[in-house]
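Participant: My questions will all concern the structure given below.
Read-outs: derived from the displayed coordinates by stated rules, not from any lab. Just so it is clear, the model here is predicted, and its values are computed rather than measured. Don't worry about glycine lacking a Cβ; one is built from the backbone with ideal geometry, like all the others, and counts go over all protein chains shown.
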Amino acid sequence: MQYFDAASFADFCQACTIFFTLSAYVPQWLVLLKTKSSEQVALGAWILWLISNSLTFTYAGIIIALEDTAYLLLISTGFNILCIATTIVLILRYRKPAKVPDRFGPTHGIDDNDSAWTAAKAA
């Protein structure tokens, strides 16, 4: 009878998450880098993912301190946090500032032919 080592299989599954995590983030990064726009990406969702993974990272650290296990969970979650942080940096880098007219100075990139700006100037 062959023995199934559940702990080794669990470690293997946890280690595979790093590969699948990277596979999931790279397409998003490529789109952000190619289009140089993050207007259609929900920053709030990525911040929630960062908080969630930070809590999981903390959990894994506590389990390691108490039971000396969960090292792969700590590593994979740490990797995930780095990927999420990279995504957030790209979102912020390619987020365009809001078009708000400045009544006391230059338009700061607002096109004079923009209908909202034209209406604001006429008022």
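Participant: Compute the FRET efficiency between VAL89 and TYR3 as 1/(1 + (r/R0)^6), taking r as their Cβ-Cβ distance and R0 = 41 Å, and round to the nearest 0.05. Don't jump to the answer; show the numbers that get you there.
Facilitator: On the way: r = 46 Å, r/R0 = 1.13.
Between VAL89 and TYR3 the formula returns 0.35.
Participant: Rounded to a whole number of µm²/s, how large is the Stokes-Einstein D of segment 2-99 at 4 °C and 1.567 mPa s, given Rh as the Kirkwood radius over C-alpha pairs? Don't skip to the answer; put the middle values down first.
Facilitator: Values: Rh = 15.1 Å.
Taking Rh from Cα pairs, D becomes 86 µm²/s.
Participant: May I ask you to derive the relative contact order of segment 6-98, considering only C-alpha pairs under 8 Å and at least 6 residues apart, and to give it as an integer percent? Don't jump to the answer; show the numbers that get you there.
Facilitator: Working: 68 pairs, mean separation 41.6, N = 93.
Relative contact order, segment 6-98: 45 percent.
Participant: Something else now. Return, ordered by residue number, the residues of segment 26-70 whose backbone nitrogen is under 20 Å from a label point located 7 Å along Cα→Cβ of ALA10.
Facilitator: Hits in segment 26-70 for ALA10 at 20 Å: 55-70.
Participant: Another one. Starting from segment 1-73, pick out the chymotrypsin sites (Phe, Trp or Tyr not before Pro) whose DSSP state is loop and whose Cβ has at most 15 other Cβ atoms within 10 Å. If you can, show how the numbers build up before the last one.
Facilitator: Working: sites: TYR3, PHE4, PHE9, PHE12, PHE19, PHE20, TYR25, TRP29, TRP46, TRP49, PHE57, TYR59, TYR71; in loops: TYR3, PHE4.
Here the sparse-neighbourhood loop sites are TYR3, PHE4.
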